Amino acid sequence: MTTLDLVVIGGGEHARVLIEAARSRPDRWNVIGFVDVEPGEETSRRMGIPRLGSDDEGRRMAAAGAAHFVLGIAGLNSLNARESLAAAYDEAGVRWGTIVHATAWISPTARLDGGVFVSAGAIINSGARMERHAVINTGAVIEHDVVVGEFAQVSPGAVLGGGSRVGARSYVGLGASVRDHVEIGEAAVVGMGAVVVAPVPSGGRVVGNPARPQRTPR
């Protein structure tokens, strides 16, 4: 397998996790640096790689076909930013990398689309599909025939039961559980530790066990 150069978009905490995941597969990825509007000094120091410039420089590199790229920002507050960044890089003709930590297990019948990140210890079982730029974080369990929509994020330790669906741009919090064959709509939020046993509408926010709509403070 050919080793490919990789540039990470973003230089914060999640980027460092992603960089180490890529480095767990030295046969596949050579991380040459990151791009960010911020200096990213901690990432440069800890990871031993340079900041290559801002997103303007990143898009120029993408247009030149200089490397593969992956989104290195994540978290509840990043949902819109991730989609906007991806669109800008798509316009530049980017080649997206799909990053899977060496300790993750991916079924041979699962499908991972471009830009997906699967972190250490995650499990993705038979027939599951991770759509563009989905994030499957540390130790998450994605059971058989699950669909995780584009730009959706599944946090560390979360479990998605067989046949469940997570809509595009949705967020499943730390340690949450989703019952088999339950659907979470688009741009929805499942709170940390929530136990979801019924569908969550698009734009909904649920918390608790069993999960219920989050009350808006008056």
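Any read-out appearing in this document is the output of simple, stated calculations on the displayed coordinates, not a laboratory observation. Model, not experiment: these values are computed from the prediction. Cβ atoms come from the backbone with ideal geometry, glycine included; neighbour counts cover every protein chain shown.
Here the spin labels are modelled as points 7 Å beyond Cα on the Cα-Cβ line, and at GLU20 and GLU42 they lie 1.3 nm apart.
Treating r as the C-beta distance of ARG215 and MET192 and R0 as 25 Å, the FRET efficiency rounds to 0.95.
Dipole orientation for segment 4-97: of the candidates VAL31, THR43, GLY65, VAL31 has the Cα lying most toward the positive pole (charges on Cβ; Lys, Arg +1; Asp, Glu -1).
In percent, rounded to a whole number, the relative contact order of segment 108-217 is 16, using alpha-carbon pairs under 8 Å and six or more apart.
Across all directions, the shadow cast by the convex hull of segment 4-97 built on its C-alpha atoms averages 5.3 square nanometres. Helix 79-91: angle to the longest alpha-carbon principal axis of the chain, degrees 0 to 90, nearest 10? Relative to the chain, helix 79-91 is tipped by roughly 40 degrees. Across segment 98-218, Cα-Cα distances exceeding 18 Å account for 41% of all pairs.
Relative contact order, percent, of the chain when contacts are C-alpha pairs under 8 Å separated by at least 6 residues? Worked out over the chain, it gives 11 percent. Where only DSSP H runs of four or more residues are counted, the chain gives -5500 deg cm²/dmol as its mean residue ellipticity at 222 nm, each run worth -39500 (n - 2.57). Amide H contacts for ALA176 (H built 1.01 Å from N in the peptide plane; partners 5 or more residues away or on another chain; cut-off under 5 Å): ALA158, VAL159, GLY193, ALA194. Contact order for segment 4-97, expressed relative to its length and based on alpha carbon pairs under 8 Å spaced 6+ residues apart, stands at 33 percent. When only the Cβ of Lys, Arg, Asp and Glu is charged (+1, +1, -1, -1), the dipole of the chain relative to its Cα centre reaches about 460 debye. Which percentage, to the nearest 5, of the DSSP beta bridges contained in the chain is antiparallel? Antiparallel bridges: around 5 percent, rounded to the nearest 5.
Counting only DSSP beta bridges with both residues in segment 98-218, the antiparallel share comes to about 5 percent.
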